[in-house]
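The values are calculated or read from the model by the stated rules, or taken from the named source; none is laboratory data. Since the structure is predicted, the reported quantities are computational estimates derived from the model, not experimental observations. Note that we place each Cβ from the backbone using ideal geometry, even for glycine, and neighbour counts take in every protein chain shown. Ligands, DNA and RNA are stripped out before the accessible areas are found, and what is left, the full protein with its side chains, is counted by its heavy atoms. Shrake-Rupley method; radii C 1.70, N 1.55, O 1.52, S 1.80 Å.
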Amino acid sequence: MPIDATQPYDPANIFAKILRGEVPCDKVHDDALALAFRDINPQAPTHILVIPKGDYVSWDDFSARASDAEIAGFIRAVGEVARAAGLAEPGYRLLANVGAHGHQEVPHLHVHIFGGRPLGPMLEPDR
Ligand code: DGP
């Protein structure tokens, strides 16, 4: 069910539980500002989620409130995770769903990294 990305941060969301170690994950990267783990329902041979450690609902919230250090650390982590997964060549796709029209389901900012096969056109045509 897509979320309302303007809602206050909900500390009971599943990624907050993963960050607190209350729910397990298949971790691929962990540093002071970001955590990355494999998606539970992979949509590509490689499907990794990268999340900031701070309490941010969405890209909209993060880009408005996060410090420059948090933003830089998060963006670097996304690139490092993709490189470490061997995706820099031949390439990959990043996706951050935001709010209802973006079909965001988990209300903690996450960037999807997809790779491991040619990913096709960016969006399905209008139906
Ligand atoms: P989005 O629609 O952008 O909010 O995608 C949420 C993604 O989170 C979706 O691809 C499935 C993934 N996901 C949901 N719950 C869990 C979980 O408990 N563990 C992991 N690893 N991924 C999850």
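Can you confirm whether region 95-102 contains a residue that is buried (at least 18 other Cβ atoms within 10 Å of the Cβ) and farther than 19 Å from D4 by Cα?
No, region 95-102 has no match at all.
Residues G21, G91, G99: which one is modelled with pLDDT of 95 or more, more than 12 Å from the ligand (Cβ to nearest atom) and under 28 Å from L123 (Cβ atoms)?
Among G21, G91, G99, only G91 is modelled with pLDDT of 95 or more, more than 12 Å from the ligand (Cβ to nearest atom) and under 28 Å from L123 (Cβ atoms).
Yes or no, residue by residue, for (1) of a type in the set (A, V, I, L, M); (2) open to solvent by less than 80 Å² (accessible area, probe 1.4 Å):
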{"position": "G21", "(1), (2)": "no, yes"}
{"position": "A66", "(1), (2)": "yes, yes"}
{"position": "A72", "(1), (2)": "yes, yes"}
{"position": "E89", "(1), (2)": "no, no"}
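Out of (1) among the basic types (K, R); (2) touching a residue at least 12 places away in the same chain (Cβ under 8 Å); (3) out of contact with any Leu (no Cβ under 7 Å at 6 or more places or on another chain), what's the single condition that is false for R65?
With respect to (1) among the basic types (K, R); (2) touching a residue at least 12 places away in the same chain (Cβ under 8 Å); (3) out of contact with any Leu (no Cβ under 7 Å at 6 or more places or on another chain), R65 is out only on (2).
With respect to V28, determine if the residue is crowded, with 20+ Cβ neighbours inside 10 Å and in contact (Cβ under 8 Å) with a residue 12 or more places away in the chain.
no
Residue by residue through region 116-126, note down the ones that are at negative phi and either at pLDDT 95 or above or open to solvent by less than 30 Å² (accessible area, probe 1.4 Å) (or both).
R117, P118, L119
Consider L33 carefully, then state whether it is hydrophobic (A, V, I, L, M, F, W, C), buried (at least 16 other Cβ atoms within 10 Å of the Cβ) and touching a Gly at 6+ places or on another chain (Cβ under 6 Å).
Yes: the conditions hold for L33.
For region 79-86, state whether one or more residues are under 27 Å from Q7 (Cα atoms), modelled with pLDDT of 95 or more and either within 15 Å of the ligand (Cβ to nearest atom) or open to solvent by 90 Å² or more (accessible area, probe 1.4 Å) (or both).
Among the residues of region 79-86, not one is under 27 Å from Q7 (Cα atoms), modelled with pLDDT of 95 or more and either within 15 Å of the ligand (Cβ to nearest atom) or open to solvent by 90 Å² or more (accessible area, probe 1.4 Å) (or both), which makes the answer no.
Check H47, H29 and return the single one that is under 13 Å from the mean Cα position of the chain (by Cα), away from the ligand (no atom under 11 Å from the Cβ) and not aliphatic (A, V, I, L, M).
H29
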